[in-house]
Amino acid sequence: MAFESAGATRLSEAQSLAAKLVGEASPGDAFSLVRLAEPPEVVIGEPSASHPAVLDEINRLRITNRGADL
């Protein structure tokens, strides 16, 4: 996720795509958020329809040195 291309990391690209998905969601659409790492980290476990809160959590994600087995 730290790889950079055209001045943006893979993480920042993923965050932008996730934010777009949330921004285009209908009222009442709910989201969960799991950081894929070893071990996986549940960020938003119970689906949340609070789109601003979901966006805040997406924007708080940072690159870690932990691997992930996808």
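Bear in mind that the values in this text are calculations on the coordinates, not laboratory data. This structure is a prediction, so every number in the text was calculated from the model and none was measured. Cβ atoms come from the backbone with ideal geometry, glycine included; neighbour counts cover every protein chain shown.
Pop a pseudo-label 7 angstrom from the Cα along the beta-carbon direction at both Asn59 and Ala37 and give the gap in nm to one decimal.
2.1
Could you tell me the distance between the Cα centroids of the range 1-20 and the range 31-70, to the nearest Å?
15
Using +1 at the Cβ of each Lys and Arg and -1 at the Cβ of each Asp and Glu in the chain, identify which of Gly28, Ile63, Ser16 lies farthest towards the dipole's positive end.
So the residue furthest toward the plus end is Ile63.
What does the extension gain come out to for Phe3 and Ala19, with contour length at 0.36 nm per residue minus their alpha carbon separation? Walk me through the numbers on the way to the answer.
Values: separation 16, 0.36 × 16 = 5.76 nm, distance 1.98 nm.
So the chain would gain 3.8 nm between Phe3 and Ala19.
Could you grab the Rg to Rh ratio for the chain? Cα atoms only, Kirkwood for Rh. Mind showing how you got there, number by number?
Details: Rg = 12.8 Å, Rh = 13.0 Å.
Radius of gyration relative to Kirkwood radius: 0.99.
Under 19 Å from a label point 7 Å along Cα→Cβ of Glu46: give me every residue in the range 5-28 with its amide N that close.
Residues passing the 19 Å test: 28.
Rounded to the nearest 500, what is the 222 nm mean residue ellipticity of the chain from helices alone, with -39500 (n - 2.57) per DSSP H run of 4+ residues and division by all residues? Walk me through the numbers on the way to the answer.
On the way: 2 runs with 24 residues, N = 70.
Dividing the helical sum by the residues of the chain leaves -10500 deg cm²/dmol.
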